Every structure is written in C-alpha cells, then in structure tokens.
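Every number in this text was worked out from the coordinates using simple rules, so none of it is lab data. Small disclaimer: the values here were computed from a predicted structure and weren't measured. Glycine also receives a Cβ, built like all others from the backbone with ideal geometry; neighbour counts cover every protein chain displayed.
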Amino acid sequence: MAIPPVAIGAGPEWSIAPLDLSLPAETPGSTPGEASTGFQSALSDAVGSLSRTQDEAASAAQALASGQAADPTAVVMAVERAQLSMQLASQIRTKSVEAMQDIFHTQV
C-alpha cells in the first residue's frame, strides 16, 4: 500500500514554531550584566522546552506501554522529537565547549 504524498509532512507534529531572536533594546549606560539576562532567559527557555519535550515523550511512551495510547504514531513522533531535541542540545553544548576552549587557548 503506497502512502499518498499529501499525507507526508502534514499535521501539527510537523509544524515548527517560529523563533523569536529579537534582543532586548540596549539603553545607554546599561551594564554588561543587564545584557546577559537576554541570553540567560533564552538559554533557560531552551532548557525548559527540552525538559518538557522529554517529559511528553516519557508520558506518551508510558501510555503506549499501558495500552492507553490511541495513536501509536503520535507516540513515535513524540519520542523521535525528544531524541532529536536531545541530540541538538548535545551538539550545541559540544560546539560551545569547543568555542570556549579555542578562546582560552588564544594567545594575546
């Protein structure tokens, strides 16, 4: 049985939320600590989103294991989304550590 091409990539599980990359407006005389709150909140939001994605996948897998899940494909999508999110977070962490090591090894 062939899968119709219209069914691929349709549905809310394939939608990607837009990113808000706007930075807070800097005011004259602002301190560097004030500017870091934007990065801090962005990082905190990203970690919180990763945690929610992992929790959703765990609860969906638990529901599937107990026979309460109505749609097994939604469970698979939730688990895959959680796995991809964790891989992305791991790669971002690795690249950040490498960048910091390059900065520390820079000779002046």
Within the stretch 68-84, is even one residue of a type in the set (Gly, Ala, Ser) and exposed (fewer than 10 other Cβ atoms within 10 Å of the Cβ)? yes
Confirm whether ALA65 is touching a residue at least 40 places away in the same chain (Cβ under 8 Å), out of contact with any strand residue (DSSP E or B) (no Cβ under 8 Å at 6 or more places or on another chain) and surrounded by 10 or more Cβ atoms within 10 Å (Cβ to Cβ). no
Within the stretch 53-108, residues under 17 Å from LEU43 (Cβ atoms) and among the charged types (D, E, K, R) come out as ARG93, LYS95
